[in-house]
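Read through the structure below, which is laid out as structure tokens, and then see the notes.
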Ligand SMILES: NC(=O)c1ccc[n+]([C@@H]2O[C@H](COP(=O)([O-])OP(=O)(O)OC[C@H]3O[C@@H](n4cnc5c(N)ncnc54)[C@H](OP(=O)(O)O)[C@@H]3O)[C@@H](O)[C@H]2O)c1
């Protein structure tokens with residue numbers, strides 16, 4: 001039986017990966033939180049690998065506080081760059097398949113067409129810069145080692161789930177006040193539910209022969225902007241909340257976000273033999289699942 005380690009198992013994606021794997025047979029899944037496996041420590045990785053002897057690793061651990069990263073660059077790089085490098089080197093050295101998750105924030109948002117994987121990166125902030133450094137380190141680790149194992153980097157955007165702290169749950173919390181909201185309509189991207197992403201990652205590491213190694217863009221059919229995303233949430237939940245569009249200049253944040261960061265999901269979907277799901281359909285499904293479990 002193949003054994004897979006999930007790092008960052010208490011995070012949004014990590015929790016989903018562990019929960020969804022529970023419904024599958026034929027693989028043993030070990031979800032490790034930061035205490036059990038700190039990816040910024042080579043020693044911690046070596047101890048976990050010696051103990052669990054994995055066949056595959058999915059790295060769902062990351063420093064994701066986009067604005068705070070501007071004040072804590074060392075911490076962001078320790079996790080997103082050095083941590084990714086540590087894991088990739090350990091996997092490549094030991095012949096372990098490795099999945100790493102990255103972000104649309106590696107781009108500067110100046111494009112007017114969906115981003116392809118080979119397009120010029122140019123992150124606008126510390127978070128994106130640290131994630132890009134992580135991508136490069138993962139590629140280098142697998143190029144430097146003569147290894148039988150494979151790596152995949154999946155760039156994703158605007159991750160949400162029905163639980164945890166994300167845009168969807170924030171909008172639903174704010175809606176409880178019944179007041180009109182102002183949400184930016186000049187940042188374009190693709191809302192991406194953690195559940196379907198977790199399913200795709202599980203399929204990939206269960207069937208490593210199906211997808212070529214390297215960088216892939218994962219996401220929904222879109223794009224849209226945050227304001228339309230908020231309106232769709234309230235529409236599907238039958239909540240009578242007025243959402244006023246506003247511009248990013250009216251809602252200043254410490255880190256600058258790309259104004260357009262839609263990642264073209266079609267090359268990956270073609271390789272997997274299916275179509276990208278429209279973002280609204282995925283949102284509806286996520287809210288339906290939430291309603292069923294409550
Ligand atoms: N969230 C988004 O909108 C978004 C968008 C694009 C891409 N992504 C990428 O998607 C992936 C998953 O994101 P997510 O939303 O699931 O993030 P998340 O909810 O912030 O989870 C990240 C997890 O990593 C853990 N972690 C932090 N430092 C660690 C370390 N040194 N060793 C081990 N674990 C550590 C965190 O633990 P603590 O809570 O203890 O710090 C947390 O449980 C990340 O690679 C992220 O960059 C996310």
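Every read-out reported here was derived from the displayed coordinates using simple, explicitly stated rules and does not represent laboratory data. Fair warning: this is a prediction, and the values are worked out from it, not measured in the lab. As a convention, Cβ positions derive from the backbone with ideal geometry for all residues, glycine included, and neighbour counts pool all protein chains shown.
What to note about this one:
- In the chain, one over the average inverse separation of all distinct C-alpha pairs is 19.6 Å, which is the Kirkwood hydrodynamic radius.
- Based on Cα atoms of segment 126-263, Rg over Rh with Rh as the Kirkwood radius reads 1.05.
- Peptide packing: for 255-263, 162-170, the average count of neighbouring Cβ atoms within 10 Å per residue gives the ranking 255-263, 162-170, highest mean first.
- Bridge orientation summary for the chain: considering DSSP beta bridges with both residues in this region, about 5 percent are antiparallel.
- Helical mean residue ellipticity (222 nm; -39500 (n - 2.57) per DSSP H run of 4+; nearest 500) of the chain: -11500 deg cm²/dmol
- Relative packing of peptides 5-16, 146-157 - highest average C-beta neighbours within 10 Å first: 5-16, 146-157
- Diffusion coefficient (Stokes-Einstein, Kirkwood radius over C-alpha pairs, 10 °C, 1.306 mPa s) for segment 139-216: 101 µm²/s, rounded to a whole number.
- Mean Cα-pair separation over length for segment 33-95, i.e. relative contact order, pairs under 8 Å, 6 or more apart, %: 44 percent
- Distance (nanometres) between label positions extended 7 Å along Cα→Cβ at residue 242 and residue 207: 5.0 nm
- Note: relative contact order over the chain, using C-alpha pairs below 8 Å and six or more positions apart, is 20 percent.
- Theoretical gain in end-to-end length, residue 42 to residue 116 [0.36 nm per residue, Cα-Cα removed]: 23.4 nm
- Segment 57-124 and segment 144-176 have Cα centres lying 12 Å from one another.
- Segment 1-65, relative contact order in percent, only Cα pairs under 8 angstrom and at least six apart counted: 49 percent
- Residues within the reach of a label modelled at residue 28 (point 7 angstrom out along Cα to beta-carbon, backbone nitrogen below 12 Å), restricted to segment 50-93, are 51-55.
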